[in-house]
Amino acid sequence: MEFKVGDKVAVLDDVIEGIVESIKGTDITIVDQEGFPMQYDASQLVKLGKSLRVTNHEVAQVKSEKEVPRRKKNVISKKKERNAPKMEVDLHISKLTKSTRGMTNFDMLNLQLDTAKRQLEFAMRKRIQKVVFIHGVGEGVLKEELKYLFKKYDNVKFYDAEYQKYGLGATEVYIFQNL
C-alpha cells in the first residue's frame, strides 16, 4: 500500500490512529491523536479513507442480486463437542424423597444407590458420555458405595468432579461408548 505524508492511517494490531509525518523506505513515522510520534513498518498500517455513503436504493439493489436461488450445500454434521453438557444427578436424600420419616439410614442409602444405578444405566442407553453424581461430603459412606457400584462396570471410568464447581462432594463418571 502506498502512503504519503499527511495520510490518515490506523495501526492494524492496535487501537491507534494518526497522520503520516515521514516515510523512510518501509519505516513510517506517524503522529497519533495525542501528538506523540510513533514509528511502524508499512505492513503494520492501513490507510483510512473517507467514509462511504450508500443510499437505500443501492442497498436494496445488492440484496436483490444476492437473492438469486442457489444450490443448497449439503450440511455436514459437526463432531460432538468435547465439552458437551454433563448430566448431573443430585443424590442428596432431600432431593429424592419428600420425607425421610420412618426411613432408616440403610433405607436412605439404598434409595440413593438405586437412583445412581438407574441414572447411570439411563446415561448408557442414551449415550451420554459424562455424568456427575453429587453425593455431598458427609462421612463418605455414599461416596464409597458409589465407587463400589462403578467398579462393577467395565466401560466406566470415575474420578472426583471439578473442584471449583462441586467441591469435594461429587464424583464424575466417564462412560466409554465404543467397547
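The values are calculated or read from the model by the stated rules, or taken from the named source; none is laboratory data. Here the structure is a predicted model, which means the values were calculated and not measured. Neighbour counts run over all protein chains shown; Cβ positions are idealised from the backbone, glycine included.
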Qualifying positions in the stretch 165-179 - in a helix (DSSP H, G or I) and surrounded by 17 or more Cβ atoms within 10 Å (Cβ to Cβ):
166
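Condition check ((1) in contact with a strand residue (DSSP E or B) (Cβ under 8 Å, 6 or more places away or on another chain); (2) within 22 Å of residue 93 (Cα to Cα); (3) in the same structural domain as residue 107 (by TED's automatic domain parsing); (4) free of Cβ contacts under 8 Å to residues at least 12 places away in the same chain) across all residues:
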position	(1), (2), (3), (4)
122	no, yes, yes, yes
126	no, no, yes, yes
135	yes, yes, yes, no
139	no, yes, yes, yes
143	yes, yes, yes, no
146	yes, yes, yes, no
151	no, no, yes, yes
161	yes, yes, yes, no
169	yes, yes, yes, no
Elements of type helices (runs of 4 or more DSSP H) in the stretch 88-164, at least 3 residues being loosely packed, with under 14 Cβ neighbours inside 10 Å:
105-125, 141-150
Please enumerate the residues belonging to the stretch 17-50 that are modelled with pLDDT under 85 and either of a type in the set (A, V, I, L, M, F, W, C) or surrounded by 11 or more Cβ atoms within 10 Å (Cβ to Cβ) (or both).
48
